[in-house]
Amino acid sequence: MTPSNGRSYDPGVPDMPGVNVLSALPGLRLTGPRRAVFEAIAAASVPFTADELAQSLPGVGRATVFRTIRLLQDLEVLCRVPLEDGSVRYQLSRGDHHHHLVCSQCGAVDEFDDPELDGLIARNAKRTGFTLASHSLELYGRCAACSASRS
Ligand SMILES: [Zn+2]
Ligand SMILES: [Zn+2]
Ligand SMILES: [Zn+2]
């Protein structure tokens, strides 16, 4: 799969254990179509949209592709990454709770986590009497490589 805008980047994680992560999921019955979706996701080198994934799998029904994305999202295997323009891309999750750094130039999505930041978020919710169920946080800008190459 290549990004729809034709640009690509080095994801910087050469040994993303995608296939292992996916095949180790407990209780998942790997039917043919679902396996095809798993393999396409594991092989994706850039964050993808549900449409791009469906288009790369002409032999698999769109509903199956969308359901499988939803399933992997619920299992926290797949990250849902909202972009600045309101569109949504997906990429394999590194697993635990984290936030995203989204590069508007090359489309790279990096991850970071910060327990202090999560503490601040919880504190702010509590202060307003809000019962916090979850949170997500995306930072938008340019990645280190794009920042460095900018003339
Ligand atoms: Zn993520
Ligand atoms: Zn970049
Ligand atoms: Zn957090």
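Every number in this text was worked out from the coordinates using simple rules, so none of it is lab data. Nothing here was measured: the structure is a model prediction, and the numbers come from that model. So basically every Cβ, Gly included, is an ideal-geometry build from the backbone, and we count neighbours across all protein chains shown.
Could you calculate the contour length gain from Ala148 to Thr49, that is, 0.36 nm times the residue separation minus the distance between their Cα atoms, to one decimal place in nm?
Additional length available on full extension: 32.9 nm.
Once the Cβ-Cβ distance between Phe130 and Arg70 is put in as r, and R0 is 30 Å, what FRET efficiency do you end up with, to the nearest 0.05?
Calculated value: 0.65.
Given R₀ = 25 Å, FRET efficiency for Asp114-Thr31 by Cβ-Cβ distance, to 0.05?
0.05
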